[in-house]
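The structure under discussion appears below in the form of C-alpha cells.
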Amino acid sequence: MNYIVVLITAPDLQIGRQIANLLLESKLAACVNIVPAIHSLYTWEGSIHDDQEALLIVKTRVDLLADQLIPAVQAIHPYDLPEIIALPIVAGSLPYLNWIGSVTKSPDSAS
C-alpha cells in the first residue's frame, strides 16, 4: 500500500475538528493531527492575505485521496478553494504503516 500525509488548512480550530471527525468517522484517515494556530500568507483574487488558520496533518492511503477524501473535505469546507495537498510517506515504522492500512476503509467501499 502507498501511504500519504495530507495537509489541509482550515479557518479555525472548530472547522478543523469538524473535518478531522468526518475523516475519522468515514474511515478516510487513520489519524489527524491539528496544529491549532498557523500564520498563512498567500495570494488570493489578486491580493495578498495574512490570516490565522489551523493545519490538519492527515495520515491515510493514496487510494482514498482523489475519489473519497478530497470530495468529503470539499463538501463541508467553508473555503471556495481549500488547500488539500498530499505528500508521500517514503518510509516509516512498518507496524504504524500497517495500522494506517488496517483502520482505513477499502477504497472501493461505498462512501
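Laboratory data are not the source of any read-out in this text; all were calculated from the coordinates shown. What you see is a predicted model, and the numbers here were worked out from it, not measured in a lab. Neighbour counts are summed over all protein chains in view; Cβ atoms, including those assigned to glycine, are modelled from backbone coordinates with ideal geometry.
Anything in the stretch 18-30 that is under 17 Å from Ile84 (Cβ atoms) and without any contact (Cβ under 8 Å) to a residue 60 or more places away in the chain? List them, or say none.
Of everything in the stretch 18-30, those that are under 17 Å from Ile84 (Cβ atoms) and without any contact (Cβ under 8 Å) to a residue 60 or more places away in the chain turn out to be Gln18, Ile19, Ala20, Asn21, Leu22, Leu23, Leu24.
Could you check the stretch 31-50 and list, in sequence order, the residues that are in contact with a strand residue (DSSP E or B) (Cβ under 9 Å, 6 or more places away or on another chain) and either farther than 20 Å from Val73 by Cα or small (Gly, Ala, Ser) (or both)?
Correct list: Ala37, His39, Ser40, Leu41, Tyr42, Thr43, Ile48, His49, Asp50.
Filter the stretch 3-24 for residues that are more than 12 Å from the chain's Cα centre (by Cα) and within 14 Å of Ile76 (Cα to Cα); which is surrounded by the most Cβ atoms within 10 Å (Cβ to Cβ)?
Ile15
In the stretch 36-55, which residues are exposed (fewer than 10 other Cβ atoms within 10 Å of the Cβ) and over 21 Å from the mean Cα position of the chain (by Cα)?
Matches in the stretch 36-55: Thr43, Glu45, Gly46, Ser47, Ile48, Asp50.
Quick one: which of Ser102, Ser26, Ser93 is of a type outside the set (Lys, Arg) and touching a helix residue (DSSP H, G or I) at 6+ places or on another chain (Cβ under 8 Å)?
Checking each option against the conditions leaves just Ser26.
Could you tell me whether the stretch 80-97 includes any residue that is of a type in the set (S, T, N, Q) and over 16 Å from the mean Cα position of the chain (by Cα)?
Within the stretch 80-97 (the criterion being of a type in the set (S, T, N, Q) and over 16 Å from the mean Cα position of the chain (by Cα)), the answer is yes, since at least one residue qualifies.
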